[in-house]
Amino acid sequence: MGNSTSPSGSARISASIVSTGMYVPSRVLTNAELEKMVDTTDEWIMSRTGIRERRIAADDEFTSDMGAKAAQQALELGGVDAQEIDLIIVATCTSDTVFPSTACYIQSKIGAMRAAAFDVQAACSGFLYALVTADQFIAAGVYKTVMVVGAEKLSSIVNWQDRNTCVLFGDGAGAVILRHREGGRGLLAYDLGADGSQTNILSVPASGCRMPITVEVLDQRLNYLQMSGKEVFKCAVNAMNRSTEICLEKAGVKPEQIRWFVPHQANFRILDAVAQRMNVGMEHFVMNLDRYGNTSAACMPIALHETVTAGKLDRGDLVLMVSFGGGLTWASVILEW
């Protein structure tokens, strides 16, 4: 019990989320404060995004610091010792350094010195990409206990002179620990996808080997996030809807059987469009973007943790998570709690 059958017919070990954690910085940046920084208004931001405020990390607070605090909480709430962690996968597009990986920094900070560690970069879809990767390691019997962290310091790559993008993003981290749980079905289905022909509509042009940092690059602010809003909106709605439908079909589940939809917290209008397409009421969608904005790979583990700690999830409930990000990438996962 708790095992499913793989396409080859052999027993597959299921991977379940056994604990969660989160961390957000203490500094709150409100829309009213943004009105003093760029040409915008609270009404403009709210009507177009649904965001009221976001959290901003301190100058000396980095992605690994936030990720480690979320990871530590997941360890404590799950009653898991750091030495039991076999693998740490961190989803982030704002790593502390090009290398070492942010996962290595987090491994050291939480004392999980037995664990292998690496990062996954799929922008806002990163957490689900990492979650599916963790599931594969457990299903294959390679590791028993895997930690997945989604952490971002997006304030470090936001152009604070661009009113169209700076209002959207915030900082934070979320973490989950996965293990096989006897009697639990864990991850039931997933869908991962990408469209590399659309790299130009959501990206940070500079800082990689394609465009190293120079004085000219800094003057043109090419080391900051750039986005074509209308194109991203259209692609996001289509990709998230399509991925959700594929995932539901793979799991043999109907939308009305899902207890909670936990979507990427990008924009209220995007989520509303997805809900309408699924013919599901917004009351079934977990929403916290009004308080945190878009925290990229951290969005869904933060939202999941808040749902768990609010007592809104019971054993056996079905959860559908879906995301969209730069790349372009998209992903969806259905799991049994």
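Bear in mind these aren't lab numbers, they're just calculated from the coordinates by the rules spelled out. What you see is a predicted model; the values in this text were computed from it and never measured. No Cβ is skipped: glycine too gets one built from the backbone with ideal geometry, and neighbour counts run over all protein chains shown.
Computed 3J(HN,Hα) for the range 32-47, one whole-Hz value per residue from the Karplus formula 6.51 cos²θ - 1.76 cosθ + 1.60 where θ = phi - 60°, is 4, 5, 5, 4, 8, 9, 9, 7, 8, 9, 4, 5, 4, 5, 5, 5, glycine and proline marked x.
Computed over the chain with a Gaussian network model linking Cα atoms closer than 10 Å, the most mobile of Glu216, Glu182, Glu256 is Glu216.
Share of pairwise Cα-Cα distances greater than 16 Å in the range 119-185 is 57 percent (whole percent). Listed by Cβ neighbour count within 10 Å, with the fewest neighbours leading, His284, His305, His180 appear as His284, His180, His305. For Asp86, Asp191, Asp290, Asp314, the sequence from fewest to most other C-beta atoms within 10 Å is Asp314, Asp290, Asp86, Asp191. Using only Cα atoms, find the angle between the long axis of helix 229-251 and the longest principal axis of the chain, and express it within 0 to 90 degrees, rounded to the nearest 10. The answer is roughly 0 degrees.
Which of rounded, prolate or oblate describes the range 245-325 when judged by the alpha-carbon gyration tensor and an a/c cut-off of 1.5? Verdict is oblate for the range 245-325. Cα centroids of the range 247-320 and the range 169-228: 20 Å apart. If you take the alpha carbon atoms of the range 3-179 and fit the smallest convex hull around them, that volume is 130 Å³ per residue. In straight-distance terms, cross-link reach from Lys144 covers every one of the lysines whose alpha-carbon lies under 29 Å from its own, apart from those fewer than eight places away in the same chain; here that gives Lys69, Lys109, Lys250, Lys312. Taking Arg259, Arg315, Arg114 as the candidate residues, the one with maximal mean-square fluctuation in a Gaussian network model of the chain, Cα springs under 10 Å, is Arg315. When peptides 38-48, 205-215 are sorted by average Cβ neighbour count within 10 Å, with the highest value leading, the order is 38-48, 205-215. Comparing Ser26, Ser101, Ser64 in a Gaussian network model of the chain (Cα springs below 10 Å), the most mobile by mean-square fluctuation is Ser26. Between the amide H of Leu188 and those of Ile334, Leu335, Glu336, distances stay under 5 Å, these residues lying 5 or more places away or on another chain, with hydrogens modeled in the peptide plane.
Between Gly150, Phe99, Asn164, the Cα set farthest toward the positive side of the dipole of the range 3-179 (charges on each charged residue's Cβ, about the Cα centre) is that of Gly150. The gain in end-to-end length when the Ser207 to Met46 segment is fully stretched comes to 54.8 nm, 0.36 nm per residue minus the alpha carbon separation. Each peptide in 117-124, 168-175, 269-276 receives the mean, over its residues, of other Cβ atoms within 10 Å, and ordering these scores from highest gives 168-175, 117-124, 269-276.
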